[in-house]
1. F122: over 23 Å from D330 (Cα atoms), under 20 Å from the mean Cα position of the chain (by Cα) and in contact (Cβ under 8 Å) with a residue 24 or more places away in the chain, yes or no?
2. Here are the criteria: (1) in a loop (DSSP other than H, G, I, E, B); (2) crowded, with 21+ Cβ neighbours inside 10 Å; (3) β-branched (V, I, T). Tell me which single one V359 does not satisfy.
3. Kindly list the number of the only condition in (1) surrounded by fewer than 18 Cβ atoms within 10 Å (Cβ to Cβ); (2) touching a residue at least 24 places away in the same chain (Cβ under 8 Å); (3) within 30 Å of D154 (Cβ to Cβ) that fails for N346.
4. Spot the failing condition for S270; the list is (1) hydroxyl-bearing (S, T, Y); (2) more than 30 Å from E233 (Cα to Cα); (3) buried (at least 23 other Cβ atoms within 10 Å of the Cβ), and only one is missed.
5. Return the only residue of L101, L97 being touching a residue at least 60 places away in the same chain (Cβ under 8 Å) and assigned to a helix (DSSP H, G or I).
6. So which residues in the stretch 146-170 are in contact with a strand residue (DSSP E or B) (Cβ under 7 Å, 6 or more places away or on another chain) and not hydroxyl-bearing (S, T, Y)?
7. Go through the residues of the stretch 322-336 one by one and say whether even a single one is without any contact (Cβ under 8 Å) to a residue 40 or more places away in the chain and of a type outside the set (D, E, K, R).
8. Filter the stretch 125-145 down to the residues that are exposed (fewer than 13 other Cβ atoms within 10 Å of the Cβ) and either hydroxyl-bearing (S, T, Y) or closer than 22 Å to P55 by Cα (or both) and list them by number.
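The values are calculated or read from the model by the stated rules, or taken from the named source; none is laboratory data. None of these values were measured; they are calculated from a predicted model. We place every Cβ from the backbone using ideal geometry, glycine too, and count neighbours over all the protein chains shown.
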Amino acid sequence: MNYKTIIIANIAEAFEDALMRVKSQKERTKKVQIEHNLCDRTLLWEGDNKIVITPFAISPLLFEHNIKALGFKNCLNLFPKDVNINLSDAIIEDKSLMKRLMSIIKDNPGIRISPYAVTQSFIDLTECFKKENLDFVVEERLYKNSDWTVQFLDSKIGSRVEIDKIKDKNINTPKSVICRNKKEAIDVAEWFYKNNTSCVVKANFGEGGWGTLIFRKEKYKSWSEVLVKIEKEFRSDSIWDDGIIIVEEYITAERGISSGCPSSELFLSSKGPKITYLCDQVVTEAGNFLGVALGKDALNEKVKDKINKASTLVGKRFWELGYRGFFDIDFVLAKKNKIPYIIETNMRRTGGTHVYDSVKAIFGEDWERKCFCISDNQFTYGKNILSVDKILYKLNDVLYPINNKKRGVMLTLINKWKPAFGFVVIGVNKKDAILLYNKMLNKWSAK
C-alpha cells in the first residue's frame with residue numbers, strides 16, 4: 001500500500017516530565033490514561049493514506065465507522081506491545097513494530113513522519129530510521145541548534161518573555177509577575193487581591209487546566225479564604241513543584257456560545273509561519289479545556305482580524321528562534337474592551353487539530369463558510385462504561401453523516417477507563433449545530 005504520512009500519537013510523552021513528578025502511582029496512572037485516551041482522535045489528522053501509531057489499538061468499530069464517514073480508503077492503525085508514558089521509546093523497543101515501520105518507509109520513499117509534539121524520544125526514533133538510510137521527511141524538525149525552543153516556548157514563562165519582546169499595538173498580554181517559588185507566588189496573589197484585582201496562578205508547565213488556579217475576587221470574602229485554597233493546591237499537586245510560577249491579572253472574558261477564549265493554530269515550516277485555523281475554545285470557568293467551536297460565525301470579523309495580526313507576529317518571532325512545527329496561541333477576549341489578550345502558547349498539535357482536519361476533509365479548503373462545529377473531548381454519559389457498539393447504536397440517528405448529508409455527530413474518541421467519549425458536532429450553521437448538540441445530549445438525559 002502507498003502511504004503519505006506516519007502519525008506518532010505521542011500525547012502523554014509530551015508531558016512525561018510533569019507526569020513523572022506525580023508522586024501517587026494511582027494518580028499518575030489516572031493522568032496517563034487521560035492523555036492516552038485522547039489518541040483515538042489522531043485518526044482524524046492529516047486526511048487519508050496514513051498510518052496512525054497509538055499507545056493502544058483504536059477500537060475497530062470506531063476506526064471503521066470514522067474512516068467510512070470521512071471517505072478514507074487507506075488507513076492503518078499500529079501500536080507497540082507495551083507502553084507506559086513514552087510512545088516513541090515503546091516503538092523503538094518493539095523490534096517487530098520497528099521492522100514493519102522500516103519496511104513501510106522503504107516502500108514509501110519521502111513519507112512524512114509527524115508527531116503530536118517534538119520530544120527528545122521522538123527525535124531518537126527518527127535517528128533510528130536515519131541510521132538505516134531510510135528516505136523520509138519530518139517537517140516539524142527544529143532548525144539547527146534550536147531544540148531548546150520546544151520546552152522554553154511551551155513554558156508559561158518562556159512564551160511570555162518572548163511575546164513581550166514584540167513591540168506592536170496588536171500584541172497584548174495580561175499584567176503578570178514571574179515568581180521564583182510558591183511563597184513568592186502567594187505574596188504576589190495577595191498583592192493582586194488587596195489591589196482589588198482578580199488573578200490567575202499558573203504552573204510553568206501545566207496543560208489543559210492542570211496547573212491553573214483562578215481567583216475571582218468577588219467569589220472570596222477575604223484573603224485568608226484565598227490563601228487556604230492556594231496552600232491546599234500547592235501541597236496536594238506536584239505540578240507546582242517545578243519552582244517557577246506565574247501570577248497574572250485575570251481577564252474577564254466576553255462569553256458567548258463557548259467561552260470568549262479564541263485560539264489560533266499555526267504551522268512553522270522552513271518557509272515561514274502559516275495560520276492553519278482560528279477557533280473559539282470551550283473552557284470551563286475553572287480554566288479546564290473541553291473542546292472548540294469553529295466555522296461560520298464562530299468569531300466575528302474584527303476579532304479574527306486582531307487574532308490573525310497578533311498570531312502572525314508571534315509566529316514570525318518563534319520562527320526566527322528556530323522553532324518548526326505546530327503550535328497554538330490561546331487568547332482571552334476581554335469583555336471590557338474586546339481586545340484579545342495572549343495568555344499562553346502550546347508547542348504541539350492542539351485540542352482542535354482533529355476538528356479542523358475533519359472539516360477540511362469533508363468540505364475542502366472552503367470549510368469555514370460551509371459549517372459550524374462544536375467539539376467536546378470528555379463528555380461523561382453515565383455511571384457505567386458501555387461497549388463501543390452500544391454507544392454507536394444509541395447515537396445512530398444523529399451520527400455523521402445523517403441521511404448522507406454533511407451534518408451530524410462524529411465520535412472522536414471512546415474512553416477505555418471511564419464512561420466518557422469525545423465528539424464533534426457538525427452543522428450547516430451555528431443554529432443547526434446547537435440543535436444537533438442538544439439532540440445528542442437528550443439521548444443521555446443531559447441538559
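1. Yes, satisfied.
2. The one condition V359 does not meet is (1).
3. (1)
4. Single failed check for S270: (3).
5. Unique residue meeting the criteria: L101.
6. Within the stretch 146-170, L153, D154, K156, I157, R160, I163 qualify.
7. no
8. E127
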